[in-house]
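Since the structure comes first, as C-alpha cells, the remarks are kept for the end.
Each value in this text was obtained by applying a stated rule to the coordinates, not by laboratory testing. Values in this document were obtained by computation on a predicted structure and should not be read as measured data. Note that we place each Cβ from the backbone using ideal geometry, even for glycine, and neighbour counts take in every protein chain shown.
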Amino acid sequence: MELFSPMAEIVAAGNVFDIAAGETIIRGSHEIDEVRDFALAAAAGLASHPRKLESRFLYDARGSRLFDLITQQPEYYLTRIETDLLATHAAKIRALTGPATLVELGSGNSIKTEHLLKAWLAHESLVGYVAVDVSESALREASRGISAAHPGVRVIGINSDYKSSFPLLSALSPVLALFLGSSIGNFSPSETTSFLQGVSTALTPGDFFLVGIDLVKEKSVIEAAYNDAAGVTQEFTRNLFVRMNRELGSGIDLSAVHHEAVYNPVKEQVEIQARFTRQQTIRIEPLNERFTLSSGEAIQTEISRKFNVDRFVSLAGRLDLAVEEVFTDQQNWFALVLLRRREIKVSKGGN
C-alpha cells in the first residue's frame, strides 16, 4: 500500500492539498495574495496600542536563513539542548509511539528532526514525514536534503500555516505531531491554549504530540540568547523592515531600527521589539496608509515565553493531552514533552 494512501485529498480551511499528485511542495488551491495579507496585518498592528507586527512575517527567505544562523550562535542554547535531547531520546520516543507518520508544524530546515527519522528508519523501510511551514524556500531545502540523505523517507512539504494543516493529523493517523524549537513560546497565553486545543481536537485518540518548551531560568542566560554578540538577532529583527520596504513600499530608514530583547520575569517572556532612534513615517502603499512614529517609539516584533513543566503539563491535561514522558537536560533549561491524545469517555445517561 502506498504511503499516505489514506489521504489522497485533504480539505483544510477551504484549501485542497492534493497529496496523490506526487508534488514535493503542496500549496492550497485558493491562492492567497501574500502582499495584501502582509499589508493588512502590518496596518492593523501599527494602528494598535502598543504597536506590534506579527512574528510570522519575520520568516521570508532571508529571515529563515538568519534564524538558522541565530541557532548556531554560542548564546542560543535552545537549539543545541533540544538537538541533544532528540539525539539521546529518539529511540525511546519511537518505542513509546510505535509506527507513525511524523507531521512537523513549523518545520524550518528540519535538521533536528533527522534524529527522529533515523530512529523510525531503524524499524521501518519506508517512513512518512510531512513538513509544514510558511516558508516555501525552507521547505524545498529541507525536502531535498532529507530525500538525498534518507531515500527511505517520503517527504511531503505543506506550504501553510499551522491551523490550515490540522486536518492532516486525523487523516494520517497514527501520527506523531511535532512542534519543536519552543515555537509555542511565540504565542500569548490565550493563543497557547487555543493552539493546544486545536492540536488535541485534530488528533485521533492514541496519537502523539511532541512539543519543545524553553524553561524559566536566570534572566542573564535568557537575554543573552536574544542579544547575541555577533548581532545576528539584530539583523533578523531589522530584516522585517527590509521586507516591509521591499513589499509594502514603507520607506523605513533601516539605520534608525534598533533591536531590543528584554526578559519580563512577571510574564515569564522575552519581549522583542524594534525601537526607532529617529521619527519615522511608515507607508503601507498597497492600502495607501501612513503611520508616524516618534523618536524612541517601539514596535513589538515577537515574544518568547518561558515555561514551567508542571504548569504546562497541567494545561495540556485539561485539553485531553496526557503526558507520556518529559525529557529534560541536566540543567533543566529545556524540555521535550511527549503528550498522547487520550480517549474521551462518554458517560451514558438514563431517564
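Seen against the Cα atoms of the chain and their longest principal axis, helix 189-202 is set at about 30 degrees. The amide H of GLN269, built 1.01 Å from its N in the peptide plane, has ASN264, LYS306 as neighbours under 5 Å, considering only residues 5 or more places off or on other chains. Applying the criteria of a DSSP loop state and at most 16 other Cβ atoms within 10 Å to the trypsin sites (Lys or Arg not before Pro) of region 239-283 yields LYS267, ARG278. Please report how far the C-alpha centroid of region 101-115 lies from that of region 205-266, rounded to the nearest whole angstrom. When both Cα centres are located, 21 Å separates them.
The antiparallel fraction among DSSP beta bridges confined to region 147-285 stands at about 65%. Here the chain is described by how far its Cα atoms reach on the three principal axes: 61, 59, 46 Å, from widest to narrowest. Roughly what angle does helix 34-47 make with the longest principal axis of the chain, taking Cα atoms, 0 to 90 degrees, to the nearest 10? The angle comes out near 60 degrees.
Beta bridges from DSSP with both residues in the chain: antiparallel share about 60 percent, rounded to the nearest 5. What is the helix-to-structure angle for 136-149, meaning the angle in degrees between its Cα long axis and the longest Cα principal axis of the chain, kept from 0 to 90 and rounded to the nearest 10? Approximately 40 degrees, to the nearest 10.
For an R0 of 25 angstrom, estimate the FRET efficiency from the Cβ-Cβ distance between VAL309 and LYS163 and round to the nearest 0.05. Each step should come with its number before you reach the end.
On the way: r = 26 Å, r/R0 = 1.03.
Calculated value: 0.45.
Cβ-Cβ distance of VAL221 and GLU124, R₀ of 41 Å, FRET efficiency by 1/(1 + (r/R0)^6): the value works out to about 0.55. Each helix, a run of at least 4 DSSP H residues, gives -39500 (n - 2.57); summed and divided by the residues of the chain, these come to -11000 deg cm²/dmol at 222 nm. Projected onto their three principal axes, the Cα atoms of region 109-173 cover extents of 31, 27, 16 Å, largest first.
All C-alpha pair distances within region 176-277, sorted into 10 Å bins from zero, spread as 13, 33, 30, 20, 5, 0 percent across the bins. Between GLU34 and ARG80, the contour length at 0.36 nm per residue exceeds the alpha carbon distance by 13.3 nm.
In terms of surrounding Cβ atoms within a 10 Å radius of their Cβ, ILE213, ILE344, ILE303 rank from fewest to most as ILE344, ILE303, ILE213.
Distance between the modelled labels on THR281 and THR193, one decimal in nanometres: 4.3 nm (7 Å Cα→Cβ projection). Full extension of the segment from VAL266 to LEU96, taken as 0.36 nm per residue of separation minus the current Cα-Cα distance, would add 57.6 nm. Dimensions of region 192-351 along the principal axes, based on C-alpha atoms and rounded to the nearest Å, stand at 68, 44, 25, largest first.
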